[in-house]
Ligand code: ATP
């Protein structure tokens, strides 16, 4: 049986021009990256360019290949195929020289439970480069553990352990910080603290952060750029703003008969997509219709509906959310793979 062709990547933003060089040398450049486990590709020809001084998000469903990608980028596992350059240098050849420039939290570092948070940080940081007590205290403070540094790690809560993991990624002052699901297990104030910390690392300190998540809202708030990974491949990449505000007009229409409005919209030549906007239980006829238009055609849409005898009570512009993009890409990938039963999306939702 031949493998179904993967869907083409939708690339928006500056990466849309193939071969166009970014302004500065990228901090991460991976080309054709692949990792095969037991004949099954976990990562399958992935290209990734992370510019210096940005927060870059890797977004994908469970099992999409985010952690495997990060582990390859950190030199923790060897790619089956492909090349990785960090700071313009080949990872394979210069791994030892490159690693001190990188801090990471991938699958939780191994801390000693009987040592304090402070001692653990000094020990881990010191393996990479000498770290002063002031550096250790600063790292503790950055993650809100300034007054808990002398508690044993074994007595930390889940969220405190996660935050100490982030501190361990920062304690040796790296230029590139790689964080796999950094806000997992954190309460809302800690999520906010980590979000602000990540932004500060980039905006005020000029570092570069690569972060993975399946929390769409979090990625939208934190990341300047992102790549959406499906089945080990990048299916969309670019500036977050460009991805969630593509060059199409979207409106939500409330008409006297939503079922007829939906059918009519689907038949109009300037309508790219139309679907019920409300929860399916409401049923067509009860809810509004979400319509994606080919450019600024809301007036034409209104006219077509009114001329068909429908009463339009509202026509509201709607921004595309990252969640909608994510589900659309997941659906495309499932269809291309001949898998109509889409696996659950982030947060346990079924892909729309
Ligand atoms: P999650 O959001 O669940 O953490 P992910 O996007 O990080 O998912 P990966 O952990 O990279 O996904 O896994 C990608 C695929 O590779 C999965 O199908 C997983 O089962 C497989 N895989 C990962 N590591 C191994 C391994 N060591 N041996 C075999 N298969 C693996």
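The values are calculated or read from the model by the stated rules, or taken from the named source; none is laboratory data. These numbers come from a predicted model, not from an experiment. Methodologically, a virtual Cβ is constructed for each residue, glycine included, from the backbone with ideal geometry; neighbour enumeration extends over all protein chains shown.
Hey, among the residues in the stretch 67-83 that are surrounded by 22 or more Cβ atoms within 10 Å (Cβ to Cβ) and not in a loop (DSSP other than H, G, I, E, B), which one's nearest to the ligand (Cβ to nearest atom)?
So, considering only residues that are surrounded by 22 or more Cβ atoms within 10 Å (Cβ to Cβ) and not in a loop (DSSP other than H, G, I, E, B), the one nearest to the ligand (Cβ to nearest atom) is 68.
Closer than 19 Å to residue 49 by Cα and not in a helix (DSSP H, G or I) - does that describe any residue in the stretch 95-102?
Let us first name the residues in the stretch 95-102 that are closer than 19 Å to residue 49 by Cα, namely 95, 98-99, 101-102.
Narrowing the set further to residues that are not in a helix (DSSP H, G or I) leaves 102.
Scanning the stretch 95-102 turns up at least one residue that is closer than 19 Å to residue 49 by Cα and not in a helix (DSSP H, G or I).
Mind listing just one residue for me: the one in the stretch 39-57 that is near the ligand (Cβ under 8 Å from one of its atoms) and in contact with a helix residue (DSSP H, G or I) (Cβ under 6 Å, 6 or more places away or on another chain) and, of those, farthest from residue 228 (Cα to Cα)?
Result: 42.
Since residue 117 meets every condition but one in (1) touching a helix residue (DSSP H, G or I) at 6+ places or on another chain (Cβ under 6 Å); (2) at pLDDT below 90, which condition does it not meet?
(2)
Under the condition of being part of a strand (DSSP E or B) and modelled with pLDDT under 90, which residue from the stretch 239-250 is farthest from the ligand (Cβ to nearest atom)? It would help to see each step written out before you state the result.
Just the residues of the stretch 239-250 that are part of a strand (DSSP E or B), to begin with: 239, 249-250.
Checking the rest, the ones that are also modelled with pLDDT under 90 come to 249-250.
Values: 249: 33, 250: 29 Å.
Here the answer is 249.
If you take the residues of the stretch 201-224 that are surrounded by 22 or more Cβ atoms within 10 Å (Cβ to Cβ) and within 21 Å of residue 33 (Cβ to Cβ), which of them is nearest to the ligand (Cβ to nearest atom)?
The extreme case among them is 212.
For the stretch 169-216, give me each residue that is under 19 Å from residue 244 (Cβ atoms) and free of Cβ contacts under 8 Å to residues at least 60 places away in the same chain.
Scanning the stretch 169-216 gives a single hit, 195.
Return the total of residues in the stretch 107-131 being in contact (Cβ under 8 Å) with a residue 24 or more places away in the chain, surrounded by fewer than 19 Cβ atoms within 10 Å (Cβ to Cβ) and farther than 18 Å from residue 153 by Cα.
Number of matching residues: 2.
The rows are residues; the columns are (1) over 34 Å from the mean Cα position of the chain (by Cα); (2) in the same structural domain as residue 234 (by TED's automatic domain parsing); (3) at pLDDT 80 or above; (4) buried (at least 17 other Cβ atoms within 10 Å of the Cβ).
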{"residue": "298", "(1), (2), (3), (4)": "no, no, yes, yes"}
{"residue": "305", "(1), (2), (3), (4)": "yes, no, yes, yes"}
{"residue": "310", "(1), (2), (3), (4)": "yes, no, yes, yes"}
{"residue": "335", "(1), (2), (3), (4)": "no, no, no, no"}
{"residue": "338", "(1), (2), (3), (4)": "no, no, no, no"}
{"residue": "345", "(1), (2), (3), (4)": "no, no, no, yes"}
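Give 196, 152, 231 a once-over and let me know the one that is more than 22 Å from residue 115 (Cα to Cα) and surrounded by fewer than 16 Cβ atoms within 10 Å (Cβ to Cβ).
When all the criteria are applied, what remains is 196.
Scanning the stretch 7-38 for residues that are surrounded by fewer than 16 Cβ atoms within 10 Å (Cβ to Cβ) and modelled with pLDDT of 90 or more, which turns out nearest to the ligand (Cβ to nearest atom)?
Checking each candidate, the answer is 37.
Identify, by number, the condition in (1) assigned to a loop (DSSP other than H, G, I, E, B); (2) touching a residue at least 60 places away in the same chain (Cβ under 8 Å); (3) more than 14 Å from the ligand (Cβ to nearest atom) that residue 64 doesn't meet.
So residue 64 meets the others, but not (3).
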